[in-house]
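These notes are about the structure you will find just below.
The values are calculated or read from the model by the stated rules, or taken from the named source; none is laboratory data. Just so it is clear, the model here is predicted, and its values are computed rather than measured. Here the Cβ positions follow ideal geometry from the backbone for every residue, glycine too, while neighbour counts run over all protein chains shown.
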Amino acid sequence: MPVLRRLIAALFLVVPMLAGPASALSVMDPFNLPAAMDGGTSKVGNGVAYADGARNKLDVYAPEQRGTSSPVVFFIYGGGWSRGERGEYEFVGRALASRGFVTVIADYRLYPEVRYPDFLDDGARALRWVQDNIASYGGDPNRLFLAGHSAGAYNAVMQALDPSFRQEYGVTMPILAVAALSGPYDFYPFEYNEVRDVFGQAPNPQGTQPINLITADAPPMYLATGTTDPIVRVQNTERFADRLRAQGVWVTTQYYDGFGHMEPVLAMGAMWRWRMPVLEDMVSFFQRFGAFPSGAYVAVAPEEPQMLPDSVAPTEEIIAKLNAMFQPIEE
């Protein structure tokens with residue numbers, strides 16, 4: 001099958017990178033090889049400035065075939081608020097574009113340059129750019145969805161729950177729904193240095209916690225996590241979901257059995273999509289809340305390749321390298 005052959009060829013390129021000495025290459029590079037990403041998509045915006053500053057740039061991905069306007073996903077990557085680059089998540093942008101979305105992935109300032117709440121201000125600035133410009137890229141600003149992973153999931157739900165950031169920058173677009181993967185929503189008191197460095201100077205630390213900001217006006221949320229996540233424990237998602245439901249907010253939870261912190265976002269890409277249906281779960285959730293009013297979206301079942309030998313697909317080695325980059329966020 002052509003897809004399997006392309007993925008195997010891509011994975012053969014992964015092994016030397018992982019086994020070799022340290023270099024400037026990102027551990028995320030294997031997922032962004034052309035053979036490992038979805039076709040039928042285009043990068044229609046590259047390094048577009050949404051504010052002044054080296055970190056205030058964004059990329060835009062879109063389906064090659066699109067009609068008058070498409071729904072928009074604003075995806076926020078993670079990295080403990082101290083690392084991450086938009087280019088590392090091209091596979092996410094193209095995955096969502098392959099399902100009919102115009103997708104925006106923006107960089108934001110990181111610690112130690114900034115602390116809470118400056119990265120949330122950057123998110124709001126980028127959303128203002130989306131509001132003003134996304135129609136020129138084929139997107140419909142009135143069909144906006146937020147998504148994020150890890151620290152990016154935190155940023156996404158904070159944009160949805162605390163309207164003050166969007167209000168400051170004149171963002172009036174409705175957020176129709178939020179999809180958050182492996183996110184921390186209830187991690188005070190700050191037990192670990194990585195979190196304490198970023199949030200420890202906040203004058204109202206409990207006000208930094210999404211679980212304390214829920215109101216009945218919150219948009220619907222899709223919360224997904226691996227059940228063996230060592231960075232953000234599954235109980236964090238459970239507590240947040242319970243509080244959302246108590247306020248009458250529509251919440252859908254998905255617990256991927258036996259998977260850890262990075263696997264849910266990696267499985268959005270074509271290379272690992274067969275491992276769990278996170279992309280289709282997310283897109284189906286967005287469809288429920290108006291992504292495709294005509295009902296044009298049809299879920300695509302992930303294609304499971306043949307079993308690949310460990311020498312070709314060193315899954316555990318990749319995961320170990322990624323998880324080693326992070327401290328736990330909460331007990």
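Summary of values
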| item | result |
| --- | --- |
| Some residue of region 247-255 being at negative phi, more than 18 Å from the chain's Cα centre (by Cα) and of a type in the set (A, V, I, L, M) | yes |
| Test for Val130: is it part of a helix (DSSP H, G or I), buried (at least 22 other Cβ atoms within 10 Å of the Cβ) and touching a residue at least 60 places away in the same chain (Cβ under 8 Å) | no |
| Odd one out for Val73 among (1) closer than 24 Å to Glu168 by Cα; (2) more than 12 Å from the chain's Cα centre (by Cα); (3) not in a loop (DSSP other than H, G, I, E, B) | (2) |
| Among residues of region 42-66, those that are under 16 Å from Arg99 (Cα atoms) and not in a strand (DSSP E or B), counted | 3 |
| Residue that is surrounded by the most Cβ atoms within 10 Å (Cβ to Cβ) [pool: residues in region 228-237 that are out of contact with any Phe, Trp or Tyr (no Cβ under 6 Å at 6 or more places or on another chain) and not in a helix (DSSP H, G or I)] | Val232 |
| Residues of region 57-108 that turn out to be touching a Lys or Arg at 6+ places or on another chain (Cβ under 9 Å) and surrounded by fewer than 18 Cβ atoms within 10 Å (Cβ to Cβ), as a count | 1 |
| Of the criteria (1) surrounded by fewer than 24 Cβ atoms within 10 Å (Cβ to Cβ); (2) of a type in the set (A, V, I, L, M, F, W, C); (3) modelled with pLDDT of 95 or more, which one Leu11 fails | (3) |
| Flag if Arg166 is more than 29 Å from Ile134 (Cβ to Cβ) and of a type in the set (Lys, Arg) | no |
| Some residue of region 109-125 being surrounded by 24 or more Cβ atoms within 10 Å (Cβ to Cβ), touching a Ser or Thr at 6+ places or on another chain (Cβ under 6 Å) and either of a type in the set (Gly, Ala, Ser) or within 28 Å of Arg273 (Cα to Cα) (or both) | no |
| Segments classed as helices (runs of 4 or more DSSP H), wholly inside region 140-227, with at least 1 members that are aliphatic (A, V, I, L, M) and within 14 Å of the chain's Cα centre (by Cα) | 151-161 |
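The rows are residues; the columns are (1) surrounded by 20 or more Cβ atoms within 10 Å (Cβ to Cβ); (2) closer than 16 Å to Ile318 by Cα; (3) in contact with a His (Cβ under 9 Å, 6 or more places away or on another chain).
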| residue | (1), (2), (3) |
| --- | --- |
| Arg239 | no, no, no |
| Leu244 | yes, no, no |
| Gly248 | no, no, no |
| Tyr256 | yes, no, no |
| Phe259 | yes, yes, no |
| Pro264 | yes, yes, yes |
| Arg273 | yes, yes, no |
| Val278 | yes, no, no |
| Val283 | yes, no, no |
